[in-house]
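We did not get these values from a lab; they are worked out from the coordinates using the rules stated. Everything numeric here is computed off the predicted structure, so don't read it as measured data. Reconstructed Cβ throughout: ideal geometry from the backbone, glycine too, with neighbour counts over all protein chains shown.
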Amino acid sequence: MVRGKRGVSINIVAVLIAALVIGIVIGYGVLQLTVKPETVTTTITKSETLTESKILTTPLPTTITETKTITELETKTTTVTRTLKPEKKALFDVLGRKIELAKIPKRVVSLAPSITEILFALGVGDRVVGVDSFSNYPPKVVELVKEGKIKVVGGYWAPDLEKVVELNPDLVIADLGAHYKYLAKFEELGLNVLFVKGGNAVNLIDIYNDILLIGEALNVTDKAYELVTKIKEIIGSISGRLAKANVTQRKVLILLGPPTYGLWTTGSGTFIDELIRICGGINIASKYHGWIQISREEILVQNPDIIIVTVMGTKEDAVKVIEEIMSPEMGLDVNAVKNKEIYVLIGEADDLLCRPGPRVAEAVKMLASIIHPEVFGEVGREDVVSAKQLS
Amino acid sequence: MSVVGREYKRRLRFFYLTLLFSSILFVFTLIISLTIGSAGIGVEWIARWLMFRLGFANGNSINANILAIVDLRLTRTLTAFIIGVMLGVSGVILQACSRNPLADPFILGLSSGALTFLAIAMLISPALVYLRPIAITIAFIGALAGLTLTLMLFEATGGTSTSLILSGIAVSTMFGGLSLILSYIVYAKYKTHIIIYTLGSVNLATRSDLTVMVVVLSIGIILALLLSKPLNALIYGDEYAQQLGYSPRKIIRYGSIIASFLTGTAVAFTGIIGFIGLIVPHITRFIVGHDHRLVIPASIFIGGLILCYADLIVRLVAITGFGEIPIGAITSILGGPFLAYLIVRNLKA
Amino acid sequence: MVKIKVKDVTVTYGSIRALEDVTFELKEGEVTGIIGPNGAGKTTLLKTLARLLKPVKGVIYINGRNLWSLKPSEKAKIIAYQGPEEPQWSHAKVLDYMLTARYPHTRGFMESYRDIEKIEESLKIVHALHLANRRLNQLSSGELQRILIARLLVQEAKIILVDEPTSHLDLYYQLEILQLLKNITRNKRLVTVITLHDLQLASMYCDKLILLNRGVVEAIGKPDEVLTPENIAKTYNVEVEVIRHPHGRLLIIPLKLRKT
């Protein structure tokens, strides 16, 4: 009933604050509660001799000297010198973060298809326990996923953090281009994450560095050097042949995806741009920077000799794209259209060009054949659909 | 006793009941949210997690993985709740100040303004944005800028209800375009998609972020409550509020500041999530009536719970292997039809 | 004892002089009607009394105190104003609306016993207690008007200013509202100022009339003093005949339009 002059009922603010505080404190406080700390306080001062992990330098020393000063409650100071076993090593990823790997990683998760390719190319595929949904090479990966020996942890752009943690990995290898925003969360989850350049690779050196970095993390540095050397050899021989044949450079337009998605191409500062150069081509978009859209006017002005389109689809889709590009409505009155030098890369060819991984050598081979068939022969791949094939 | 007295007490009792029910629902939602996620974790592990976190069990009963995953889920749910509250309360204030049932933080340009300013700051120096208090300040200024522009355009176009929404659409679209361009520039400069939060995401906030958010939220709620009586007066008319002793200008000014503060913070942590600010005030008013002393507290739970459930839907879909849809997509699917209903009802009246 | 003293009040909208040197005095227990043609400045005068507009010249005293020297919250306890528009949040319930009128008097965040009492009392006076839980947009025009008057009572002001209390109402409700106003003015010794279009009603229910013409006070006084054919012809440009009805009422009969 009514109680006196002031206040028909309790002050609402008090009730609200109580309800809100109860709710948030329950959840929030539970998070903050931790196991009771130990009673001994230890201060550790580390002195390490490390050299930064750079390409083509001597490997890391395998011993790290750690000087530990233990201050006990009675403030007695003792000094302990300990040599860490060679299993522990530290290296720096592309962000300059120091990664400490307690042992040779046995459970590795790859968050990008190019990273998966590198891991398998280095022969450590048996240690991979998780990949992203786009990882499809080598074919063994697809098999292992089907068998359940490797789990899919989400897409390239949106990895599923729970699935990653569930796999209890020693090491997660992430792609700077797509996963940088997860950094804080990775650290909070206590995951050991190594960032490689991946989609952010601006040139071949970046790709080589990624391979070497992963090789080092997985303790197969030798294999990594081998792989990089092999790739360099193949690419070197191709550019050598091009130089000897004294070819004229041809103007190339790369289109990522069919024109209906927009005229996306790769400017300078992308590894695809470098691939084109190596293969004796001129990237007409190189005056631009990064992954950008180009206008039809610019294409007309530049007048490319060759158009290469990547399409995720079937041969029929490829044919449709060629017809679209050559159609009068498109208005691309350029050499490439006149001479039917239009090539659509589907399936594996698409992956080859777009993945900054160990198959760049294949990509270079393929591109070189497309751009200079007079030196390397026609590209005879099923997954490269040429306009000349259509009659 | 008196008719009025009975009615007054009845609505107050109903309000307390609503609060009680919502808090129980909140706790319940928190708990079941722990069990929902793409990693398969049995209920007994959740119980063990709880025991461990409360200090009743030692580290042997649980492994670090499960700990991390359940912590992840809890953080995520709490983030969703807090952001839902921020956007919901902002919506209540904006609808009251503008006397417009279609007003909300996104449509009046606050969210897009905040995002644009954050993108500009990121361009100048990423360090600015990583320091949370600075990011919040920048987002706040951006939100306020967006709202101010909308209000200026609103005055210039005749000051009717429709012109407010149209002005807001113009401003939010412009800022949307700006932030898109800026995101390209940011990408070109730093070679990484740092913050392109045009469709928000609650799963990136860390526990330390939560602390900051709770602080902002508490301040915002208290200020909003202090504004609740003035808002009650304002909704019946500017002149009405004036003759009651209030200054409508001041109320709108304070309301704008509080709404920008809350919306800016929400955008700074989780990007743009639409429609919450639109539908929460309506649902809340439907349940507890039109007294803002009741609406604002109730909207806390309504807003928080709605976004929690949207996040749960996102997680349920992720379990099926489809991947993580942006939470903005869910709120749009639910909010769009609701908006259509509002427009129809508005135009008929 | 309440007294309003208006002296030489001049109000401008930019270059338009809406009110010029308006002077009069009002006392409690009386209903004063402001009449005049469209654009004469009736609403402007009422708003100025309500302190919604500031005069560029002149002064208004409320019991000897300058109106503009009062704190807004003080003023709200003394003066209550109802404009010609309906409340703009029409989904709210009558009770919600009523509660806000207590804000100048309510101490603390929630209402007290006294506040509830006052609302109950006011609704009873206007015979609208059964409407307490209705939404504002579910009321008929007559009901809404009674609610608006109830709100003025709830605000417990000594001075009530109502702009066009009878617009949109049929004859029955017009009379009902004006009678209500007259009764409460008498019973509670309020100062009530209303604006009216209908001269007939003005003569019936107002104790005092202020006839405005183009911002200037044309005449002040009792209805039969103000409502003369000369005054009406001068201000409304209409020739009329004014008859004293045996029942004591004034009858105003329009004859013809005057050429301007």
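Tabulated results
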read-out: Binned Cα-Cα distances of segment A:337-378, short to long, each 5 Å bin given as a whole percent; value: 6, 22, 27, 23, 15, 5, 2
read-out: Span-rule helices in chain B, defined as complete DSSP H runs reaching 24 Å or more along the axis (Cα) with Kyte mean at least -1.0; value: B:3-33, B:64-98, B:132-156, B:161-190, B:207-226, B:248-270, B:292-319, B:327-348
read-out: Whole-Å semi-axes of segment A:88-219's equivalent ellipsoid (Cα gyration tensor); value: 19, 17, 15
read-out: Inter-part distance where segment C:56-133 and segment C:179-209 are each reduced to a Cα centre, Å; value: 19
read-out: Share of pairwise Cα separations in segment B:1-89, more than 19 Å, in percent; value: 56
read-out: Simple Cβ-charge dipole of chain C, Lys/Arg +1 and Asp/Glu -1, about Cα centre, in debye nearest 20; value: 660
read-out: Cα centroid separation, segment B:152-183 to segment A:331-382 (Å); value: 47
read-out: Mean shadow area of the protein assembly as shown, taken as a quarter of the surface of its Cα convex hull (nm²); value: 55.6
read-out: Whole-Hz couplings from phi, Karplus 6.51/-1.76/1.60, listed for segment A:287-304; x for Gly and Pro; value: 6, 8, 10, x, 9, 10, 9, 10, 9, 5, 4, 5, 4, 4, 5, 6, 6, x
read-out: Debye log10 I(q)/I(0) for chain C, one point scatterer per Cα, at q = 0.07, 0.15 Å⁻¹; value: -0.25, -1.12
read-out: Size of charge dipole - the protein assembly as shown - debye, nearest 20, with Cβ of Lys, Arg +1 and Asp, Glu -1, no other charges; value: 3640
read-out: Segment C:106-260: C-alpha gyration tensor shape, a/c 1.5 cut-off, then a/b vs b/c; value: prolate
read-out: For chain B: relative contact order, % (alpha-carbon pairs under 8 angstrom, 6 or more apart); value: 28
read-out: Cα shape, segment A:135-185, gyration tensor, a/c 1.5 rule; value: prolate
read-out: In order through segment A:201-211: 3J(HN,Hα) via Karplus (6.51 cos²θ - 1.76 cosθ + 1.60), integer Hz, x for Gly, Pro; value: 4, 8, 7, 5, 4, 4, 5, 4, 4, 4, 4
read-out: Leading residue at positive end of dipole, the protein assembly as shown (Cβ point charges), from A:V141, A:P358, B:I343; value: B:I343
read-out: Relative packing of peptides B:120-133, C:128-141 - highest average C-beta neighbours within 10 Å first; value: C:128-141, B:120-133
read-out: Most to least packed among C:180-188, C:42-50, C:239-247 [average Cβ atoms within 10 Å]; value: C:42-50, C:180-188, C:239-247
read-out: Kirkwood Rh, angstrom, segment A:247-389 [1 / mean 1/r, Cα pairs]; value: 14.8
read-out: Two-decimal Rg/Rh across chain B, once Rg and the Kirkwood Rh are taken from alpha-carbon atoms; value: 1.00
read-out: Residue-averaged [θ]222 nm for the protein assembly as shown, counting only DSSP H segments that reach four residues, each worth -39500 (n - 2.57); value: -16000 deg cm²/dmol
read-out: Shielding by partners - mean other protein chain Cβ count within 10 Å, residues of C:72-85; value: 3
read-out: Peptide-level mean, for B:318-325, of C-beta atoms on other protein chains within 10 Å; value: 4
read-out: Selection from B:Y309, B:T270, B:I31 lying farthest towards where the dipole of chain B points positive, charges on Cβ; value: B:I31
read-out: Among B:322-328, A:208-214, A:109-115, the order from most to least packed when residues are scored by Cβ within 10 Å on average; value: A:109-115, A:208-214, B:322-328
read-out: Coordinate range along principal axes, alpha carbons of segment B:224-296, Å, largest first; value: 41, 27, 17
read-out: 10 Å Cβ neighbours from other chains, averaged over peptide A:178-185; value: 4
